[in-house]
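The values are calculated or read from the model by the stated rules, or taken from the named source; none is laboratory data. Not measured: the values here are computed from a predicted model. Here Cβ is always computed from backbone atoms with ideal geometry, including for glycine, and neighbour counts include all displayed protein chains.
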Amino acid sequence: MNKFYKRFLLLICLVLLISGIVVGTTVDVHTLQNLDAFQPWSIGLAILLLALGLFFDGSRLMHLVRISHENIRFCQAVQVIFGNYFLALLTPGATGGAVAQLMFLRHANVPTGKAAVLVIVRTLLSIFFLVLCMPFIFMHDAGIVPGISNEWLMGITLVALVVILFLIFSARGGYLDRIFLSVAKRFGTKKRRQAFALLRDTKSAVALLAASPKDMFIVFVESGLNLLCIYAIVPCLLLGLGVVDADWYTIMGRMIFLNMLLYFMPTPGGAGIAEGGFVYLFSETVPAGTVGIVAVSWRLIAEYIPFLIGLYYTLSVFGRDFLSRQLTK
């Protein structure tokens, strides 16, 4: 059995195990009673929001490619998006997502250098949007993390924002080169090359961000709409359970906070951490005995359906053998 099939089966087993544990440890005597009131239309609404979020993701990618003076069709942008979901879930820390985006962009005749820059810009815009949302979440939702005050969390967020802005302006002004040179001296030859390749791509990404402010603002708005539509899947599921008087500001804020954390988690696609974090954050909001089921349903709609579509696109475009070689690198 090659490495691709091993990873695929391992992921399936991991998902089933985590889902079983999450559901099994959260059901109680109220579960069937609350599920009996569930409205199936909310599933359709959740899938509609997923499709809308993916549309904005594809649209922002097309705009980014156009800003870089290249061009791709919408169907090619869709392949990039779903390929990202697929390989991100197959690799620790979702690192394969960037590889998948590079693969599909190169297949769409986008030069490798520009493709690497586009991948960095997409990630930076998403993280920057989430960082900007954090202060509004912490000002509204007290005690979101046990043992850490919102003032501390606000301070950490502001520091992260300052660091991002510092890196952007340092890259434009050339100061980042000096920092990299002083740090890279301590690396081995291979790591030094990787560090300078990252510096080159980061500087190119910053240059792309500054090249067309108006168009980049549109891409930033599309990034926000993409994320908000995906996160709104959970409110749809809660509406289906009859939750109509909840604090929707808090619910969306906690979804943003949770997904921000998932960017930095080591497990494939945040598996396990996403479900556990969801149960912790929403155990008091979701009707009794259903928080685990909602957590698994959210992951199924938001991650695993796009994963399966990405599997189809990846195998149909590149073939099983090509994917196996990528996973062995």
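List of remarks:
- Applying the condition of being surrounded by fewer than 17 Cβ atoms within 10 Å (Cβ to Cβ) and in a helix (DSSP H, G or I) to the stretch 221-249 and asking which residue is nearest to the chain's Cα centre (by Cα) yields 221.
- Residue that is farthest from residue 217 (Cα to Cα), among those in the stretch 109-160 that are β-branched (Val, Ile, Thr) and without any contact (Cβ under 8 Å) to a residue 24 or more places away in the chain: 148
Let's see how each residue does on (1) among the aromatic types (Phe, Trp, Tyr); (2) surrounded by 14 or more Cβ atoms within 10 Å (Cβ to Cβ); (3) modelled with pLDDT under 75; (4) closer than 30 Å to residue 64 by Cα:
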residue	(1), (2), (3), (4)
145	no, yes, no, no
154	no, yes, no, no
170	no, yes, yes, yes
174	no, no, yes, yes
202	no, yes, yes, yes
212	no, yes, no, yes
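- Residue that is nearest to residue 262 (Cα to Cα) [pool: residues in the stretch 274-296 that are surrounded by 22 or more Cβ atoms within 10 Å (Cβ to Cβ), of a type in the set (Gly, Ala, Ser) and under 17 Å from the mean Cα position of the chain (by Cα)]: 274
- Residues that are surrounded by 13 or more Cβ atoms within 10 Å (Cβ to Cβ) and either of a type in the set (Val, Ile, Thr) or more than 17 Å from residue 303 (Cα to Cα) (or both) within the stretch 8-32 comprise 15, 18, 21, 22, 23, 26, 27, 31, listed in sequence order.
- Flag if residue 64 is surrounded by fewer than 20 Cβ atoms within 10 Å (Cβ to Cβ), of a type outside the set (Gly, Ala, Ser) and in contact with a helix residue (DSSP H, G or I) (Cβ under 9 Å, 6 or more places away or on another chain): no
- Every condition in (1) within 15 Å of the chain's Cα centre (by Cα); (2) within 29 Å of residue 235 (Cα to Cα) holds for residue 19 except the one numbered (1).
- Residue 59 vs. criteria at pLDDT 85 or above, under 29 Å from residue 223 (Cβ atoms), more than 22 Å from the chain's Cα centre (by Cα) and part of a helix (DSSP H, G or I): no
- Residue match in the stretch 36-43 (condition: at pLDDT below 90, aliphatic (A, V, I, L, M) and surrounded by fewer than 16 Cβ atoms within 10 Å (Cβ to Cβ)): yes
For (1) among the aromatic types (Phe, Trp, Tyr); (2) under 18 Å from residue 211 (Cα atoms); (3) outside any helix (DSSP H, G or I), each residue gets a yes or a no:
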| site | (1), (2), (3) |
| --- | --- |
| 64 | no, yes, no |
| 71 | no, yes, yes |
| 79 | no, no, no |
| 87 | no, no, no |
| 119 | no, yes, no |
| 125 | no, yes, no |
| 136 | yes, no, no |
| 142 | no, no, yes |
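- For the stretch 274-298, residues that are of a type in the set (A, V, I, L, M, F, W, C) and in contact with a Leu (Cβ under 9 Å, 6 or more places away or on another chain) total 8.
- Filter pass, residue 81 being more than 18 Å from the chain's Cα centre (by Cα) and either surrounded by fewer than 20 Cβ atoms within 10 Å (Cβ to Cβ) or within 23 Å of residue 319 (Cβ to Cβ) (or both): no
- Selection from the stretch 288-317 of residues that are modelled with pLDDT of 85 or more and either hydroxyl-bearing (Ser, Thr, Tyr) or assigned to a loop (DSSP other than H, G, I, E, B) (or both): 289, 290, 297, 304, 312, 313, 314, 316
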